[in-house]
Structures are given as structure tokens and as C-alpha cells.
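The values are calculated or read from the model by the stated rules, or taken from the named source; none is laboratory data. Model, not experiment: these values are computed from the prediction. Using ideal geometry, Cβ is built from the backbone for each residue, glycine included, and neighbour counts are taken over all protein chains shown. Side chains are part of the model used for accessible areas, which takes the heavy atoms of the whole protein and leaves out ligands, DNA and RNA. Shrake-Rupley method; radii C 1.70, N 1.55, O 1.52, S 1.80 Å.
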Amino acid sequence: MPLSVLGIETSCDETAAAVVRLGGARPEILANIVLSQTGEHAPFGGVVPEIAARAHVAAIDRVVEKAMAEAGIGFEELSAVAATAGPGLIGGLIVALMTGRAIAAVHDLPLVAVNHLEGHALSVRLVEEVAFPYLLLLVSGGHCQLLRVYGPGAYRRLGTTIDDAAGEAFDKTAKLLGLTQPGGPAIEAAAARGNPRAFQFPRPLLGRDGADFSFAGLKTAVANAVRDLGRAPSQGESEDIAASFQAAIIDCIADRTQNALRLFGAGPGGARPALVAAGGVAANRAIRSRLERLAEKAGFDFKAPPIPLCTDNAAMIAWAGIERIRAGHAETSEPIARPRWPLDELRAGEGLRHAPGAKGPKA
Ligand code: KG4
Ligand code: ZN
């Protein structure tokens, strides 16, 4: 029985809807519509929750209609609706859930409440076969974590950020340099033209045990460097700061990931394990190539979704819904919006409380 799922994502500043079908061995993305609100938040230098919620309400019906039309299927052909229920901005989450609930009620379909982080965590499997367990580096605007992924609903965290997320550091650096938001792509482009050794920025936690991250000191050092110039940086200075910042953050990410590769150990039965990168920051080509080299050295395969599936989208939400349905834990009882919803309820060293694949820790 093929599974066709409509995914709805509105947890931050993208209004997105997608249809994913699993008929044969591999899933197909029938439609993947992402409407970015970047322009609406630009005058404020960051995402304004109230503006985001209103913009989602105004756009969501149109975005869902467009996804269904592009997929070329009717609502009656869907198997389920999957909506992001958290973590994220409460106003946006309510839009996804209410829209999903209304469509599910009218067409008598189950509604699967999806954790946005699980969407990122499983996104790579939408495009290629990657066996569980794998080591996941989840790097986005709100999160920076290293996790052991056992399967849908079963995660163990090996490390997390003790202050800022990596994406946040990119966004704040871009803001200091007067570049456009989201900052990641702007910094990546500027860095490609700059000298990564022009500024000596700190690499917090480098060489220390464990797999936690810290970026606050790096962010402050960039702010100080800009302040010390005593004026707006020239284009050349801006490119040098961007390149030096990116080199520092890549060193931090690589160092922490290297420790996690060691903590992860070998794959089951000696199989070659995979290091997977996902989330918006995983769209960065310089980060991807550094991680690829690191994985290769440690005897891991490196996998990352194609760039449009790294940043927020609804195809990954539909796919996480399918993974949950297949694993038999797509519980659909009255989902609620959860602004905070950690992926793991487990910590490194605590051991799995639920067997992978069973109705497990959802976090
Ligand atoms: O996953 P995502 O779209 O949204 C969240 O769940 O947070 O991630 C957004 C973050 C933003 O901070 C953005 O600046 C960053 O991902 N990002 C990048 C790149 N593209 C997006 N960071 C570095 N390099 C990029 N090319
Ligand atoms: Zn995201």
C-alpha cells in the first residue's frame, strides 16, 4: 500500500508544504513548496514572532493548494497529514497544527505531529539509503547537537551547544558586517573572497573532551574586531572577517565532531557507519567538505541531504511522518504545539530506555 503524506511546516519563517510518496523502495518528492518570509523580517534584523505567525496564516492555504496541485493528487488520495508541532515559535506551530488538523478532519485522515528536529534528523534518508544507527550532526539556526540516531523516536545525545547555535553565530556575524539575513549564505559567499588568517578568532572548547559546543566567545570576538575598527568595515575587511569567522567555526565543529566519531565507535557487526550532517548550516559547502575529510579519516561514510533539503522545508516533515507511520509510532491523539521539544530524552551514558524501533523516547 503506497503511503502519500502531505507535510506542513511553519515553525520559524518559512511557510512550507510538500507531498512525499513511498510506493516502491525509494520515496518520491511529488511537490516541495517553500515560501520564505525573509523580506518581511528584513527591516527588523531578525525574525519577529508576531509577524511570522500572521504571515503563515496569510500564506498557508495557498502554499498547501500549490503543493497539492504540483503533486497532481487529490486530498482523498493522501494516507496522512504530517504537521510540525515543535520546537519553534508558538504562533507558527499553531498554524501548521490547525491547518493539518482541519485537512485531516475533513478528509478523515490521521494527523501525525512531527518534531521539526526529527524532520532534519531523518531528512537524509529521503534521498538515499542510510542505515541506522548513524552519527548525526544537527546544525541549524536554533540547534547544534551531535546525536546517535537509532531510528524514528530513538535518539541519544552525545553533545550540544552550551550557549549559541551555529546558525545563530552565522546570523549574528552577518548582522555585524551589515550582510543580509539569513546570515549563513551571505557569510559563506563573503568568506570565499576573504583571507581566513587575517583575524585570529578563538575556537572555544577546541581540544577539550566531549562533544559539546560553544560559540558565544567567538561571536564576542567578532563583535570586538568590528568595534576596534572604529567604523563600518570596508568590503575587503568584511570578507576577511567572514573568512576568519568561518575558519574558526569550522575548526570548532570539526573538533567536536571528531570526538563524537570516537564516542560513536564502530557500526553494528563491523559495518561502515555514517556521519550525517543536517539542518541549515549543513548547507555550507566549506563545512561539508571539512566533515567529509574528517569522516573519511575515521572510516565513516559522509552523508548530507542536498542543499535545499538542509534548510527548512516540508518534504522532511512529510518524510518524518512516513518514517513514524512505518515504525508504528505515529500516535495521533490531540497533538499540541510544543515550543520546546528536545529530540532526545536520553543523555550520553544513560543507555537506551526503549529498544530502538519500539515506541521510544520522542524527546
Ligand atoms: O534549519 P534551518 O533552515 O532553520 C532552523 O531550523 O533553524 O537553519 C537556518 C540556519 C540559519 O541560521 C542560516 O543562517 C543557516 O541555517 N544557514 C547557513 C547556510 N545556509 C543556511 N549557515 C552557514 N552556511 C550556509 N550556507
Ligand atoms: Zn530547521
Self-check item: Simple spin-label estimate for Arg288 and Thr220 in nanometres, 7 Å along Cα-Cβ
Solution: 3.4 nm
Quiz item: Where does the charge balance sit around Val19 when Lys and Arg score +1, Asp and Glu -1, over other residues with C-beta under 10 Å from its C-beta?
Solution: -2
Practice problem: Report the label-to-label distance for Ala131 and Glu296 in nanometres (one decimal), using points 7 Å from each Cα along the Cα→Cβ vector. | Solution: 2.3 nm
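With the other protein chains left in place, how much accessible area per residue, in square angstrom, belongs to the range 30-111 at a 1.4 angstrom probe?
I get 47 Å² per residue for the range 30-111.
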Practice problem: Starting from the Cα-Cα distance between Leu229 and Thr180, subtract it from 0.36 nm times their residue separation and give me the gain in nm to one decimal. | Solution: 15.6 nm
Quiz prompt | Residues Ala189 and Asp251, FRET efficiency given R0 of 25 Å [Cβ-Cβ distance, rounded to 0.05] | solution = 0.80
Quiz item: What per residue convex hull volume, in Å³, comes out for the range 81-215 when only alpha-carbon positions are used?
Solution: 162 Å³
Quiz item: Under a 1.4 Å probe, what is the accessible area of the range 131-304 per residue, stated in Å²?
Solution: 40 Å²
Self-check item: Scaled radius of gyration (Cα, divided by 2.2 N^0.38 Å) that the range 212-287 gives
Solution: 1.49
Practice problem: Calculate how large, on average over all directions, the projected area of the Cα convex hull of the chain is; give the answer in nm² to one decimal. | Solution: 17.7 nm²
Exercise. Can you grab the distance from the C-alpha centre of the range 150-174 to the C-alpha centre of the range 209-225, Å, no decimals?
Key: 14 Å
Self-check item: Using alpha-carbon coordinates, inclination of helix 315-327 to the longest axis of the chain, degrees
Solution: 60 degrees
Quiz item: Which value in deg cm²/dmol, rounded to the nearest 500, describes the helix-derived mean residue ellipticity at 222 nm for the chain, given -39,500 (n - 2.57) per DSSP H run of n ≥ 4 and division by the residue count?
Solution: -13000 deg cm²/dmol
Quiz item: Could you state the number of Å between the C-alpha centres of the range 1-76 and the range 114-137?
Solution: 19 Å
Quiz item: What are the residues whose amide H is under 5 Å from the amide H of Thr160, where those residues sit 5 or more places off or on another chain and H is modelled from the backbone?
Solution: Leu146, Asp212, Phe213
Quiz prompt | Percent carbon-and-sulfur accessible area, the chain, ignoring ligands, DNA and RNA, probe 1.4 Å | solution = 54 percent
Self-check item: Added length on full extension, which subtracts the Cα-Cα distance from 0.36 nm per residue, Asp163 to Asp61
Solution: 33.1 nm
Quiz prompt | Residues in the range 272-297 reached by a label modelled at Ala266 [backbone nitrogen below 18 Å; 7 Å Cα→Cβ] | solution = 272-275, 296-297
Quiz prompt | Order by protection proxy (mean Cβ within 10 Å, highest first), peptides 321-328, 224-231 | solution = 321-328, 224-231
Quiz prompt | Percent of C-alpha pairs per 5 Å bin, the range 131-304, short to long | solution = 1, 9, 18, 22, 19, 13, 9, 5, 3, 1, 0, 0
Quiz item: Among the DSSP beta bridges whose two residues both lie in the range 131-304, what percent are antiparallel, rounded to the nearest 5?
Solution: 60 percent
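With a sphere of radius 12 Å drawn around the Cβ of His116, what net charge do the other residues whose Cβ falls strictly inside it have (Lys, Arg +1; Asp, Glu -1)?
-2
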